[in-house]
Amino acid sequence: MSDDVGLLLVDDQELVRAGLAMVLGSAPGLRVAGEAADGAAALERVRAVRPQVVLMDVRMPVLDGIDATRRITAEHPQVRVLLLTTFDLDEYAFGGLAAGASGFLLKDVPADELVRAVRAVASGDAIVSPRITRRMIELTRGALTARPAVQEHDGLTDREREVLVAIGAGLSNPEIAARLHLSESTVKTHVGRVLAKLHLRDRVHAVIWAYDHGLAG
């Protein structure tokens, strides 16, 4: 079996899917495992092809990308969803983050940035651009109803708190490693401990938690 990262491309526009397939299918280590034209079809294709990453359009007929993301992440928690949107202030896209997506990108993102983003998401990172983080917080704060009450920083060590602050600033693991003079594997360990101690589902929710508790921005 191939070790390439399997991708599912979901968009109601065939030309968009074709463009994504051309860019991502030619990138080393990535493989287009399937396509779907709406959220309902995406659910079926996820079950059939078991992709590691789903690139999901937000606005589609039959079942939109938000509901599809919610169902996919609930049924297949190991699958990562990267939302695609036309507008960087699309509140539907932000709602998708609350639904379990690992981030979102604009559809006109440069090809090399798209490839890097897909690889980052596949490795467990999240795509949360600093320029849209504040807007994301405003639109998703009320949506995270399952967030548990925690004590201040809930037992984080000083290093874990530093990592959380860096996550809140939208930094990736390599960027955190460079800032704190740590190895990427050590950063990944700290990130995992932060998520566990704060009872957070993923890195996106860690960003939101950091903003809610005055540790970012």
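The values are calculated or read from the model by the stated rules, or taken from the named source; none is laboratory data. Remember, predicted model here, so these are calculated numbers, not experimental data. Note: ideal-geometry Cβ built from the backbone for every residue, glycine included; neighbour counts use all protein chains shown.
With respect to Ala146, determine if the residue is modelled with pLDDT under 75 and in a loop (DSSP other than H, G, I, E, B).
Yes.
Answer yes or no: is there a residue in the stretch 70-78 that is closer than 17 Å to Ala117 by Cβ and either at pLDDT 90 or above or in the same structural domain as Arg31 (by TED's automatic domain parsing) (or both).
There is no residue in the stretch 70-78 that is closer than 17 Å to Ala117 by Cβ and either at pLDDT 90 or above or in the same structural domain as Arg31 (by TED's automatic domain parsing) (or both).
Where residues in the stretch 189-204 are surrounded by 18 or more Cβ atoms within 10 Å (Cβ to Cβ) and not β-branched (Val, Ile, Thr), which of them is farthest from Val121 (Cα to Cα)?
Once the filter is applied, the top-ranked residue is Leu198.
Being under 18 Å from Gln78 (Cα atoms) and either of a type in the set (Gly, Ala, Ser) or in the same structural domain as Gly95 (by TED's automatic domain parsing) (or both) is the filter here, so list the residues in the stretch 169-205 that pass it.
Within the stretch 169-205, Gly192, Ala196 meet the criteria.
Got a number for residues in the stretch 150-199 being without any contact (Cβ under 8 Å) to a residue 40 or more places away in the chain and not in a helix (DSSP H, G or I)?
Count: 6.
When only residues in the stretch 205-217 that are more than 15 Å from the chain's Cα centre (by Cα) and surrounded by 22 or more Cβ atoms within 10 Å (Cβ to Cβ) count, which is farthest from Val81 (Cα to Cα)?
Selected residue: Ala216.
Select the helices (runs of 4 or more DSSP H) contained entirely in the stretch 8-98, then report the ones holding at least 2 residues which are β-branched (Val, Ile, Thr) and surrounded by 15 or more Cβ atoms within 10 Å (Cβ to Cβ).
14-25, 39-49, 65-75
Check whether at least one residue in the stretch 150-159 is under 27 Å from His76 (Cβ atoms), modelled with pLDDT under 75 and surrounded by fewer than 14 Cβ atoms within 10 Å (Cβ to Cβ), and report yes or no.
Within the stretch 150-159 (the criterion being under 27 Å from His76 (Cβ atoms), modelled with pLDDT under 75 and surrounded by fewer than 14 Cβ atoms within 10 Å (Cβ to Cβ)), the answer is no, since none of the residues qualifies.
So, Arg45, is that one modelled with pLDDT under 95 and assigned by TED's automatic domain parsing to the domain that holds Ala101 or not?
Here the answer is no, as Arg45 does not meet what is asked.
What number of residues within the stretch 1-37 are free of Cβ contacts under 8 Å to residues at least 40 places away in the same chain, within 17 Å of Val109 (Cα to Cα) and small (Gly, Ala, Ser)?
Qualifying residue count for the region: 5.
With the requirement that a residue be surrounded by 18 or more Cβ atoms within 10 Å (Cβ to Cβ), at pLDDT below 90 and farther than 14 Å from Gly124 by Cβ, what does the stretch 171-188 give you?
Selection gives Leu171 alone.
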